[in-house]
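Undergrad: For reference, the structure I am asking about is given below.
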Amino acid sequence: MDLLIANFLGSIILLFIGTQLLVNASITLSNKLSVNRIIIGFTVVSLATSLPELFVTLGASLRGYNDFAIGNIIGSNISNISLVLGFTAIISPLLFSKKEFFLNYIPLILVSTLFVLLLIFVGILNLISGILSIFLLIGFNIYLFKKGSDVSQLDNSLDDKDVFVLFGKRIRIYNIIFLIFILFSGSIVLWLGSELLIHSSKSIALKLGISDRVISITLVALGTSLPELFSSIYAAYKKETKLAIGNLLGSNIFNILAVLGATTCINQIIIDKSLYMDAIIMLVITLLLLPCFYCRSILFNPKNSQQISIYRIEGIILLLIYISYITFTLL
């Protein structure tokens, strides 16, 4: 037990370090390239924080643990939308334009709906669905970078675009290649921290005799969502709310298209019916984001109809939804 606790604490430290590297390098990179924060969060940071899901899902699939592989994706997406977004909103209000929101949110709804329909009515994800997912991901990223510059302008939070902040220390970096190396390094550290956390959590869960579905949807999904949690909370703390929301919405799309796409290109996954309800709950929670974000602007801020916001109250509601879902799953 002492070793498990040590592994857990070590994983938290690794996640914190990886988050510092990833988020701050992303902020500096977006400044240097004059790319909007929400676009960077939706692409670069989302891909990096989805790496734990990729390694866990691919490894589980290759070992024939299909429930574990799919359950990890479903549970992680639920965790990102309810737990991570809830915590982030409690720390700092999430404010952005409607155009920025729908540019990222509508594709998430479409991808999530397609994913659930495939699970229920087809029941298998194979090479064809994998290739389709990869092409959709590539096409979406091209569309995002093309349209993203039209809907928003760069958030120049830093006067000097060459400044990279690490643990409060300002470092001047001129070479973009070095920034990309920092991004890659941060992603590796995040992955190592997640792996350490997952293995220690799974060991405890297995001793309790919990099924693969429950383990993957609860402990493992929570573990693979920690990079999103740490990255988004840290971004919100720095008032980089667009980076945070872009990371969360983007991670869910990357989890479905990139993670499952790459995995099913290598090995097909057969869906068990026990996961149908979890997939539907994931879609319902995704759809609930619309009233969660939109109603406040209608009720309390009708004069500024172009702004979308989510505050502490909505964040608490999302956290309660996550707690209720986990409680229901463990019963």
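Readers should treat all values here as calculations from the given coordinates under stated rules, not as data from a laboratory. Remember, it's a predicted structure, so these values are computed and weren't measured experimentally. Quick reminder, even Gly has a Cβ in these numbers, built from the backbone with ideal geometry, and neighbours come from all protein chains shown.
Undergrad: Residue 124's amide H: which non-local residues (gap 5+, or another chain) put their own amide H closer than 5 Å, with H modeled 1.01 Å from N in plane and none for Pro or chain starts?
TA: Here the answer is 271, since their amide H atoms fall under 5 Å of that of residue 124.
Undergrad: Separate question: What ranking do 178-184, 210-216 get when scored by the average of other Cβ atoms within 10 Å per residue, highest first?
TA: 210-216, 178-184
Undergrad: Right, another one. What order do you get for 71-82, 55-66 when each peptide is scored by the mean count of other beta carbon atoms within 10 Å, highest first? Please list the in-between numbers first.
TA: Working: 71-82: 28.4, 55-66: 18.7.
So the peptides 71-82, 55-66, ranked by packing, come out 71-82, 55-66.
Undergrad: For residue 277 and residue 145, compute 0.36 nm times the residue count separating them, minus their Cα-Cα distance, and round to one decimal in nm.
TA: Separation in residues times 0.36 nm, less the Cα-Cα distance, equals 44.1 nm.
Undergrad: Would you mind computing, in nm to one decimal, how far apart the modelled labels at residue 135 and residue 62 are, each placed 7 Å from Cα along Cα→Cβ?
TA: 2.7
Undergrad: Moving on. Suppose the chain between residue 180 and residue 121 were pulled fully straight at 0.36 nm per residue; how much longer would it get relative to their current alpha carbon spacing?
TA: Here the answer is 17.1 nm.
Undergrad: Report the Stokes-Einstein translational diffusion coefficient (µm² s⁻¹, integer) for the stretch 2-330, Rh taken as the Kirkwood radius over Cα pairs, at 37 °C with viscosity 0.692 mPa s.
TA: Details: Rh = 19.8 Å.
For these conditions, the coefficient is 166 µm²/s.
Undergrad: May I ask for the equivalent-ellipsoid semi-axes of the stretch 1-147, computed as the square root of five times each C-alpha gyration tensor eigenvalue and listed largest first in whole Å?
TA: Computed over the stretch 1-147, the values are 26, 25, 15 Å.
Undergrad: While we're here: Looking at the stretch 215-293, what % of the alpha carbon pairs are farther apart than 14 Å?
TA: Value for the stretch 215-293: 74 percent of Cα pairs lie more than 14 Å apart.
Undergrad: If I take every Cα pair under 8 Å that is 6 or more residues apart in the stretch 2-330, average their sequence separation and divide by the length, what percent do I get for the relative contact order? Mind showing how you got there, number by number?
TA: Numbers: 528 pairs, mean separation 143.4, N = 329.
Here the relative contact order equals 44 percent.
Undergrad: What spacing in nm lies between the two simple spin-label points modelled at residue 33 and residue 327, each 7 Å away from Cα in the Cβ direction?
TA: 4.3
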